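Q: Take this structure first; my questions come after.
Taken together, the values in this text are just the output of simple stated rules run on the coordinates, not laboratory data. Keep in mind it's a predicted model, so treat the numbers as computed, not measured. Cβ placement follows ideal geometry from the backbone for every residue including glycine, while neighbour counts extend to all protein chains displayed.
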Amino acid sequence: MRTSTSCSLAAAMTLLASTAVYAADKPSDPQIAHIAYTAGDLDIKAAEQALKKSKNKQVRGFAENMVKDHSAVNDQALALVKKLGVTPEDNDTSKSLTKGAADKLSELGKLSGAAFDKAYVDNEVAYHKTVNAALETTLIPSASNAELKSFLQTGLKIFQGHEQHAEHLASTFK
Amino acid sequence: MRALLLGSTLLALLQSLSAAGATAGEVVKVSIGDLTFAPAELTVHVGDTVEWDNADFVDHTATAKDGDWDVAIAAGKTGRVELNRTGTIAYYCRFHPNMTGTIKVLTTEQPQ
């Protein structure tokens, strides 16, 4: 099961990586905005599932923080794209991320208790690693607009914080 | 002799002033912007209060690694803690552990 999600994540990464290799095909600002917004939105959905299923105080605290932070980031993102007159544009990377997240939601939906908690947190580590790598190697370098680039850089710092927070939480399950 | 007297009077006055300052406790400010505590390293005296001012749009905390204190600092707000023990305290943000800082707390007699 985990392999299938890793495959979806890997597919998303490959798409991102290949976009990076072929500079001519680098994602446009509307596509970058869509990918970044989608990535945040998907993590909110994962957190909402965790808040429905988990009774673990630490896990719930983490999930609550994911909802708060990603909502705050996406609110800022919407305000920025509006200001810049950019219309977020759906693309293969967004689609791949969405598909991977839907598979994961249904996979985690079958788990409960400590098994769910561990799987959710492990996936949060993997998911943030994927998104952060994409931001670092592709999305930030490809962004043309300076304000969008700077916003993504702040987002990366926030999500790197989430990655460390998730890693710390994951270490308590071992 | 007179100069000596004046000197010691001045010294006593200065000492009492510095003691009064320590009792009242200073408020030392740390700003938070773009996921960074600034200054990241700080030296204060026992009785001083550290106040964090969060200019980010996400909530943060200032949490002592030794568990001594945990200050919530909501987005756009401030949070503070009074430091009553000497020592060097490493702290971080629980939500974003990549944010770290250090506070050195000296006795009231120690110069910075």
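Q: Counting partner chain Cβ atoms within 10 Å of every residue's Cβ in B:55-64, what's the average?
A: Other-chain Cβ atoms within 10 Å of each residue's Cβ, averaged: 3.
Q: Mind checking Rg over Rh on the range B:25-106, alpha carbons, Kirkwood formula for Rh?
A: 0.93
Q: Over all alpha-carbon pairs in the range A:98-174, figure out the percentage whose distance exceeds 14 Å.
A: 66
Q: Any chance you could give the angle, 0 to 90 degrees and rounded to 10, that helix A:92-109 forms with the longest Cα principal axis of chain A?
A: The two axes meet at around 10 degrees.
Q: Here is a follow-up. Antiparallel DSSP bridges in the range B:25-106: what percent, to the nearest 5?
A: 65
Q: Right, next: Between beta-carbons, use under 14 Å as the cut-off and find the net charge around A:Asp75, counting Lys and Arg +1, Asp and Glu -1.
A: In short, -1.
Q: Out of residues 5 or more away from B:Asp48 or on other chains, whose amide H comes under 5 Å of its own, with H placed 1.01 Å from N in the peptide plane?
A: For B:Asp48, whose amide H was placed from the backbone, the distant partners under 5 Å are B:Glu26, B:Leu83.
Q: Further question on the same structure: Put a dot 7 Å past each Cα toward the Cβ at B:Ala90 and A:Lys57; how far apart are the dots in nm?
A: Using points 7 Å along Cα→Cβ, the separation is 2.5 nm.
Q: Could you compute the net charge surrounding A:Asn145? Neighbours are other residues with a C-beta less than 11 Å from the C-beta of A:Asn145; K and R count +1, D and E count -1.
A: Residues near A:Asn145 contribute 0 overall.
Q: Describe numerically, in nm with one decimal, the distance between label points set 7 Å from Cα along Cα→Cβ at B:Lys29 and at A:Asp75.
A: 2.4
Q: Sticking with this structure for a sec: Please tell me the relative contact order of chain A in percent, rounded to the nearest whole number, where contacts are Cα pairs under 8 Å and at least six residues apart.
A: 34
Q: Describe numerically, in nm with one decimal, the distance between label points set 7 Å from Cα along Cα→Cβ at A:Ala115 and at A:Glu64.
A: For the pair A:Ala115/A:Glu64, the computed spacing is 2.8 nm.
Q: As I understand it, the value is the acute angle between the Cα axis of helix A:29-53 and the longest principal axis of the Cα atoms of chain A; what does it come to in degrees, rounded to 10?
A: Rounded to the nearest ten degrees, it is 10.
Q: Just need log10 I(q)/I(0) for the range A:40-99 at q = 0.16, 0.18 Å⁻¹, Debye formula, equal scatterers on the alpha-carbon atoms, no solvent, rounded to two decimals.
A: -0.62, -0.73
Q: Using 0.36 nm per residue, how much length does the chain from B:Gln110 to B:Ala55 gain when fully extended, once their Cα-Cα distance is taken away?
A: Result for the pair: 16.6 nm of gain on full extension.
Q: Among all the lysines, which ones have a C-alpha under 30 Å from B:Lys29's C-alpha, if same-chain residues fewer than 8 places away are not counted?
A: Partners found: A:Lys68, A:Lys149, A:Lys157, B:Lys65, B:Lys77, B:Lys104.
Q: Let me ask another. When the helix-only estimate is applied to chain A (DSSP H runs of n ≥ 4, each -39,500 (n - 2.57), divided by the residue count), what is the mean residue ellipticity at 222 nm, nearest 500 deg cm²/dmol?
A: -28000 deg cm²/dmol, from helical runs alone.
Q: May I ask for the angle, rounded to the nearest 10°, between helix A:2-21 and the longest principal axis of chain A, with both axes built from Cα atoms and the value confined to 0 to 90°?
A: The angle comes out at about 20 degrees.
Q: Report the local net charge at B:Gln110: Lys and Arg +1, Asp and Glu -1, summed over other residues whose C-beta lies under 13 Å from its C-beta.
A: Value of the local net charge: -1.
Q: Largest first and in whole Å, what are the equivalent-ellipsoid semi-axes of chain A based on the Cα gyration tensor, each being the root of 5 times an eigenvalue?
A: After diagonalising the Cα gyration tensor, the semi-axes are 28, 17, 13 Å.
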